[in-house]
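No value in this document is a laboratory result; all are computed from the given coordinates. Predicted model only: the values in this text are computed from it and were never measured.
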Amino acid sequence: MGIILNILKEIPLSAVLRERLTNQETKMAVLEEENLVLKAENLVLKNKNSDLESLVVDLRQEIQRRDDVIQKEKSQDNLLDKVSINVLKLLFRQDNLTSEQITQSLNIKLQMANFYLKELKAKGMLKQQTAYHDPPPSGNWYKRQGILVWALEQKGRKYLINNKLVS
């Protein structure tokens, strides 16, 4: 009878163990499913990361290309043509010249001179100012009239000196 009693005692224990086993198997299935979902999400994120890394490389190349273009434009902006250089040299030697005097000295047309003078003024290399006769031709200081003359700015002098165009 001892054997039967022992078997009967194990039946409730087996049922409890079976229930625990079933619970653990359910939890394991849930974890495996969650693991599959996480693996899929990981793959998606790796693909997105790869796409973003490619985009970063492309953007860096575009930034470098644009920087190169800007540098090229700046270097071309700093280069002056022969007429502009001659205007700067003339005003370096003798400041406060009128457009007409510049035209005669460089042997170019007035429209061409005005074009180059305005371009150099826009680049900050020249300035236009009013010069007065001292004393005025009429002798009346209150009625004196000035004439517009061109003068070299510091930036124009610097260009000539840095490029060894004057000594």
* To do: Rounded, prolate or oblate: pick one for segment 19-124, where a ≥ b ≥ c are the square roots of the eigenvalues of its C-alpha gyration tensor, a/c under 1.5 means rounded, and failing that, prolate if a/b is larger than b/c, else oblate.
  => prolate
* 5 angstrom amide H check on Leu97, placed H, neighbours 5+ away -> Trp150
* Among all the lysines, which ones have a C-alpha under 28 Å from Lys89's C-alpha, if same-chain residues fewer than 8 places away are not counted? -> Lys72, Lys74, Lys109, Lys118, Lys121, Lys123, Lys127, Lys155, Lys158, Lys164
